[in-house]
1. If a residue has to be of a type in the set (S, T, N, Q) and either outside the structural domain of residue 71 (by TED's automatic domain parsing) or within 30 Å of residue 283 (Cβ to Cβ) (or both) to count, how many in segment 125-170 make the cut?
2. Would you call residue 117 within 22 Å of the chain's Cα centre (by Cα), of a type outside the set (Val, Ile, Thr), in a loop (DSSP other than H, G, I, E, B) and at pLDDT below 90?
3. When you look at residue 36, is it assigned to a loop (DSSP other than H, G, I, E, B) and at pLDDT 90 or above, yes or no?
4. Just need a number here: residues in segment 138-179 that are more than 27 Å from residue 77 (Cα to Cα), touching a Ser or Thr at 6+ places or on another chain (Cβ under 8 Å) and of a type outside the set (A, V, I, L, M, F, W, C).
5. Filter segment 224-248 down to the residues that are surrounded by fewer than 15 Cβ atoms within 10 Å (Cβ to Cβ) and under 22 Å from residue 283 (Cα atoms), then identify the one that is nearest to the chain's Cα centre (by Cα).
6. Cβ-Cβ under 8 Å, sequence separation 6+ or interchain: first residue in segment 134-159 and under 21 Å from residue 276 (Cβ atoms), partner among the hydroxyl-bearing types (Ser, Thr, Tyr) and in a loop (DSSP other than H, G, I, E, B). Which pairs?
7. Which of (1) touching a strand residue (DSSP E or B) at 6+ places or on another chain (Cβ under 7 Å); (2) at pLDDT below 95; (3) of a type outside the set (D, E, K, R) does residue 90 not meet, given it meets every other one?
8. Which condition number does residue 293 fail, the rest of (1) at pLDDT 95 or above; (2) closer than 21 Å to residue 21 by Cα being met?
Amino acid sequence: MIWAQVLVMSKDILSSVLGAVRLSGAVFFDVAASSPWVAEAPPASTLANRVLPGSQHVIEYHVVTSGNGWATLVDGDAEPVRLGPGSVVMFPQGDSHTLASNPGMRAKPDLSVYDQAKESSPPFYLEQFGGGQDETRLICGFLGCDRLPFNPVIQSLPRIIHIADGYTAGDGWLSTLIKAIMQESSRQRLGTGSVLSKLSELLFIEVVRCYMESLPCGTQNWFTALSDPHVGRAIRLMHGNIRRPWTLAGLAREVGTSRTILIQRFKTYLGVAPITYLFNWRMQIAAGMLTSHAGSLARIGENVGYESEAAFSRAFKRATGLSPAAWRAQTISSPTIKTAGKTPQQPAKD
């Protein structure tokens, strides 16, 4: 059903993309820490099979419900981020990071903590973590999604997103979600795991919306491209009907500009030409359909705009380094896709 929804026209392009990349969430830890305290999270790629089996990519986030702390990327020159009550900090690229009562503290990651996810249902409680009197309460959760072949949302997000006060951001909606997560985590009711999973997804969407609204003028990425009168309309047209045999001339005519200007605008915002973007998105939709076994190879190829199975197979292998059949077989054995190439950047020539 989800693929039928993805293949039809949608005004809400963000929802359409998040559906296509199979966003899923879960809240796992309710933490009570007392200073001095520190916890270090390894790269999310090492946690995927433990916390969200079946997900290509894992995003970790933390909500400070009371108290204070610091978040720091383990590698890189970014300054530590001060966390206060209501802070939400998210690591969209899955980077290793630390949470601590003071900046500069380090600890060895404890992977055994994450194995609880295989043994029981969330939330998991970590009480009296640390050793002092100043207490900080955190909820730590994970979101999974597909990153390959093409996820424009993840590609456009920074390594760290910090919402300084989720209790006031987003016209109060983020505060509502935080409080709902806190309330659900404190109860042991039927369906708590499912409720927390959905709340995590909503939290991610709201954090992304807050991030989008905070972008300074002049920012050039997929989010700001959506507001460009020509690029945004072209993206919506292509997402809305990927089966259509789009040409650059036809797309430019539909959005009311010249081919030259449309190419320039796309490259300014996205670094690729319009038809290359279309090719990338077609491959993402096809990869999802292959993973979910949504029809034969010929049918999937037809659904993403290819007239023959052979043409689709050549295009897909050009994009990913794997044939459609190999991609489908690999996702059965492991959610971690090992492509022979990079994220697709060149359109099919068939």
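The values are calculated or read from the model by the stated rules, or taken from the named source; none is laboratory data. Just so you know, these numbers come straight off a predicted model, no measurement behind them. Here Cβ is always computed from backbone atoms with ideal geometry, including for glycine, and neighbour counts include all displayed protein chains.
1. From segment 125-170, those of a type in the set (S, T, N, Q) are 128, 133, 136, 151, 155-156, 168; that's our starting set.
Imposing the further condition that a residue be either outside the structural domain of residue 71 (by TED's automatic domain parsing) or within 30 Å of residue 283 (Cβ to Cβ) (or both) reduces the set to 151, 155-156.
Within segment 125-170, residues that are of a type in the set (S, T, N, Q) and either outside the structural domain of residue 71 (by TED's automatic domain parsing) or within 30 Å of residue 283 (Cβ to Cβ) (or both) number 3.
2. Working: within 22 Å of the chain's Cα centre (by Cα): yes; of a type outside the set (Val, Ile, Thr): yes; in a loop (DSSP other than H, G, I, E, B): no; at pLDDT below 90: yes.
Considered against the rule, which asks whether it is within 22 Å of the chain's Cα centre (by Cα), of a type outside the set (Val, Ile, Thr), in a loop (DSSP other than H, G, I, E, B) and at pLDDT below 90, residue 117 comes out as no.
3. On the way: assigned to a loop (DSSP other than H, G, I, E, B): yes; at pLDDT 90 or above: yes.
So residue 36 fits the description; yes.
4. 5
5. Initial filter on segment 224-248 (surrounded by fewer than 15 Cβ atoms within 10 Å (Cβ to Cβ)): 227, 229, 241, 243-245, 247.
After this cut, where a residue has to be under 22 Å from residue 283 (Cα atoms) as well, the list is 241, 243-245, 247.
Values: 241: 23, 243: 25, 244: 27, 245: 29, 247: 29 Å.
Out of the qualifying residues, it is 241.
6. 146/55; 148/339; 148/343; 149/339; 149/343; 150/343; 155/343
7. In the conditions (1) touching a strand residue (DSSP E or B) at 6+ places or on another chain (Cβ under 7 Å); (2) at pLDDT below 95; (3) of a type outside the set (D, E, K, R), residue 90 misses (2) alone.
8. The single condition residue 293 does not satisfy is (1).
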